[in-house]
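To start, the structure under review is shown below, and the notes come after it.
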Amino acid sequence: MHIVVCVKHVIDSTEIHVDKKTNELVLRGLSTKINDYDKNAVEEAVKIKKELGGTVSLLCIGPRDAQKTLKEALAMGADQAYLLQTSPRQELDTAQIALILSKMIEKIEPADLVLCGEVSEDGYNSQTGARLAERLHLPQVSYVTKLDAQEGGFVAESTLESTVETVKGATPALLTISSAINVPHLPTAIQIMKVRGNRIKSLKLSDLGLDDSVLETPAVKMLGYEIPQQERKNIMIDGAPADAAAKLVSYLQEEKVM
């Protein structure tokens, strides 16, 4: 079985902060890493490989620095990786990403399963998996929280809020993996350092039958953003503990937060 996992190289969202003078997000100079949700997809792919045999291939679109993301995923148990290198300042929307990923998948050997994280930490729009499935003409199951793969098919549980659906399907197929499906076994720094660079193959747009115009025509453009201003009511509650607690509960109920 050949499993393809799409991984994204992202800014560490825990380090993002707001410039108090300009009220803008500070994004430059921040550390980068593998998208947390993609770790679950890699973990699930490696688990299936151990059960059924086969290979796990990683696909990534990003700057040269994305090699460290791929090395970490390779150290988790994947077999090979492919990187389409872009400029560090290049911004791509989900339509562009899905197009390029689809061409990358068509370039390498046919995939039985394509796995994506349910969402990325930066865009957080959950569109790439669905767009990619459409590009590849594959059936898709989203928010997979349990997966039993067999040769030629799979049984998956898809969970959305309080609803759980059990889906039985045939491969090839694309699944977006929920963070609730597993706990990734993270490699040590030494294991990551031991990953040889020749396991990461570079691809160019020309290798995929594409040209630079693909990078210049986003379907969605970021025009700007605003940081919402929130004012605290600063309500002070006096009195005995029991009375103060009752008043606090009453206020919270009025604000519809409990």
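The values are calculated or read from the model by the stated rules, or taken from the named source; none is laboratory data. Predicted model only: the values in this text are computed from it and were never measured. Backbone-built Cβ (ideal geometry, glycine too); neighbour counts: all protein chains shown.
Data overview
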| item | result |
| --- | --- |
| Matching residues, region 189-221, being under 24 Å from Glu91 (Cβ atoms), at pLDDT 90 or above and aliphatic (A, V, I, L, M) | Ile200, Leu203, Leu205, Leu208, Leu210 |
| Region 43-60, subset of a type outside the set (A, V, I, L, M) and assigned to a helix (DSSP H, G or I), residue nearest to Val195 (Cα to Cα) | Glu43 |
| Neighbours by Cβ (under 8 Å, 6+ apart or cross-chain): first from region 195-214, in contact (Cβ under 8 Å) with a residue 12 or more places away in the chain; second surrounded by 10 or more Cβ atoms within 10 Å (Cβ to Cβ) and assigned to a loop (DSSP other than H, G, I, E, B) | Arg199/Asp79; Leu205/Asp211 |
| Filter result for Thr166 (in contact with a Phe, Trp or Tyr (Cβ under 9 Å, 6 or more places away or on another chain), at pLDDT 90 or above and outside any loop (DSSP other than H, G, I, E, B)) | no |
| Set Thr166, Thr188: member being polar (S, T, N, Q) and under 14 Å from Tyr143 (Cβ atoms) | Thr166 |
| Count of residues meeting criterion [crowded, with 21+ Cβ neighbours inside 10 Å, at pLDDT 95 or above and outside any strand (DSSP E or B)] in region 113-135 | 2 |
| Test: Leu175 is touching a residue at least 40 places away in the same chain (Cβ under 8 Å) and in a strand (DSSP E or B) | yes |
| In region 51-60, the residues that are at pLDDT 95 or above and of a type in the set (A, V, I, L, M, F, W, C) | Val56, Leu58, Leu59, Cys60 |
| Yes/no for Arg89 being of a type in the set (Lys, Arg) and part of a loop (DSSP other than H, G, I, E, B) | yes |
| Any hit, region 153-176, residues being in contact with a helix residue (DSSP H, G or I) (Cβ under 7 Å, 6 or more places away or on another chain) and crowded, with 17+ Cβ neighbours inside 10 Å | yes |
